[in-house]
Amino acid sequence: MFKARAVFTTLAAVTSILALTGSAQADPGRPNNPINGTLPAVGKDIVQYSTYRTVSKWEEVDFRYEDLISHYLRMGLRDTSGWQFTPTTTMGTRNSTYTIATNGPVSLPQGKRFAINARSNGWMLVSQDNWWGGQLYW
């Protein structure tokens, strides 16, 4: 009896620890994937990335910025007609999550298609880091 209780107590403790240290994703089932890109090696031209995604039932697009460029990264969303429909979000802190758009301030209903526009907020030089990356949630 004592062994069974000890095993149960240990199992409960381990399960609690795993629950606390499990997935960092706040919304299980929310679409997400790692994304990254390269900005021009010289200058601060905008890059229009070609992958389109569809807004999920969360009606919000967030980006966890993990791999920083030498300057601040500026990011916005454009629709299938090519127009950027969100204000530009400026990001500069590693491992911080930035909300790029939510339904309300902009029209971001479930089913809307979007792609990413990105650029540096400063003039990039060849010697500077122009590779960015992180986790996109939509």
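The values are calculated or read from the model by the stated rules, or taken from the named source; none is laboratory data. Note that the coordinates shown come from a computational prediction; the quantities given were computed from them, not determined experimentally. A quick note on method: Cβ atoms are made from the backbone with ideal geometry, for glycine too, and the neighbour counts reach across all protein chains shown. In case anyone asks, the SASA skips ligands and DNA or RNA and just uses the protein heavy atoms, side chains included. Shrake-Rupley method; radii C 1.70, N 1.55, O 1.52, S 1.80 Å.
E60 falls short on exactly one of the conditions (1) out of contact with any Gly (no Cβ under 8 Å at 6 or more places or on another chain); (2) more than 11 Å from I100 (Cβ to Cβ); (3) not small (G, A, S), and that condition is (2). Residue count for the stretch 84-138 under the criterion of being part of a strand (DSSP E or B) and of a type outside the set (D, E, K, R): the result is 27. Among the residues of the stretch 47-71, those that are within 28 Å of W123 (Cβ to Cβ) and aromatic (F, W, Y) comprise Y49, F63, Y65. With respect to R64, determine if the residue is part of a strand (DSSP E or B) and modelled with pLDDT of 95 or more. For R64, the condition - part of a strand (DSSP E or B) and modelled with pLDDT of 95 or more - is met. Within the stretch 29-61, the set of residues being in contact with a strand residue (DSSP E or B) (Cβ under 7 Å, 6 or more places away or on another chain) and among the charged types (D, E, K, R) comprises R30, K44, D45, R53, E59, E60. Step by step: first the residues of the stretch 92-131, then only those that are of a type in the set (K, R) and under 17 Å from T51 (Cα atoms), then the one that is surrounded by the fewest Cβ atoms within 10 Å (Cβ to Cβ). Which residue is that? Step by step, filter the stretch 92-131, then rank; the result is R113.
Quick check on the stretch 28-46: of everything there that is open to solvent by 30 Å² or more (accessible area, probe 1.4 Å) and in a strand (DSSP E or B), which residue is farthest from V126 (Cα to Cα)?
The qualifying residue farthest from V126 (Cα to Cα) is N32.
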